[in-house]
Amino acid sequence: MLPAQEAAKIYHTNYVRNARAVGVLWTAFTITFAVITVVVFIQPYWIGDSVNTPQAGYFGLFHYCIGNALTSELTCKGSALDFGSIPSGAFKTAMFFVGISMLLVVGSIVCFSLFFFCNAGSVYKICAWMQLASSTCMVIGCMIYPDGWDSDEVKRMCGQRTDKYTLGNCTVRWAYILAIISIMDSLILSMVAFSLGSRQDKLLPEDFQVEGKDNA
C-alpha cells in the first residue's frame, strides 16, 4: 500500500473513532440535559423566602407554597393541569415555554432511534435544531417569569416592594439558576451536534482522497 494511502487510512480511522467518542459523550450529556429540564419544570424552587420576608414560602412555574401568618404552616397551591390555580399570567406563559423546551429535549432523545434507520448526519442535525429551539424556549421562559413577580400572591410572601423584575425581600432559588445554566448547556450541545452532523456528511477529507488516487 502506498504511503499516502496508508496515511489516509490512518487519518480516516482516527477521524471516525474520535467522531464516535464525541457522539457518545454528546448522547450522555443530552440525556443529562433532559433530566435537568424536567427537574427545572417540576420543581417549585424558582424564587423563595429570605430572613426578611413577611411569610415563608417558595414559587415555581406553576406550584407554590406560602406560610400561614398564624400557624406558620405552608399552604400549597397550583397545578400544571389547572391554569386557574397559577397566580400570574406571566407564570403561565413561562410554564408553557419551559414545557416546550423540555418536550423538545425529550424529543431529541426519541430521535436517537432514527440512527438505526436514517443517515447519522441528518439525525445529528435534526437533534441540533431541536436543542437550539429548546434553548430559545428556555430563554423566553426565563425572561418572562419575572414579569409575574407583581402578582398578589408573590407580594404576600415577598413584601409590597416586590414588582415586575424586582424581587423585593425574596431571593432567586436554585431551580431558576439551573434553568439559566441549562440555556448554555443546550447551546453547546446543539453546536456539537451540528459539528457531528457535518463530520458524518464527509468523514474523509477530499485532499486525502485525491492524493491517494493520484499516487495510485
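The values are calculated or read from the model by the stated rules, or taken from the named source; none is laboratory data. Just so you know, these numbers come straight off a predicted model, no measurement behind them. Cβ placement follows ideal geometry from the backbone for every residue including glycine, while neighbour counts extend to all protein chains displayed. What goes into the accessible areas is simple: the full protein's heavy atoms, side chains included, and nothing from ligands, DNA or RNA. Shrake-Rupley method; radii C 1.70, N 1.55, O 1.52, S 1.80 Å.
Using a/c under 1.5 as the rounded threshold, could you call segment 91-175 rounded, prolate or oblate? The axes a ≥ b ≥ c are square roots of the C-alpha gyration tensor eigenvalues, and prolate needs a/b larger than b/c, oblate otherwise.
prolate
May I ask you to list the chymotrypsin sites (Phe, Trp or Tyr not before Pro) in segment 103-192 that are in a DSSP loop and have at most 14 other Cβ atoms within 10 Å of their Cβ?
Those that pass, being in a loop and sparsely packed, are Phe117, Tyr165.
Exactly which trypsin sites (Lys or Arg not before Pro) in segment 68-130 are in a DSSP loop and have at most 11 other Cβ atoms within 10 Å?
Sparse-neighbourhood loop trypsin sites (Lys or Arg not before Pro): none present.
With 16 Å as the cut-off, how large is the P(r) tail for segment 16-59, expressed as percent of Cα-Cα pairs?
Here the tail beyond 16 Å accounts for 60 percent of pairs.
Within segment 106-150, what whole-number % of the accessible surface is contributed by carbon and sulfur, with the 1.4 Å probe and all protein chains included in the calculation? Let's see the in-between values first.
Values: 1560 of 2010 Å².
Accessible surface attributable to carbon and sulfur in segment 106-150 totals 77 percent.
Could you report the accessible area of Thr93 in Å², rounded to 10, computed with a 1.4 Å probe on the protein chains as they sit in the structure?
Its heavy atoms expose roughly 50 Å² to the probe.
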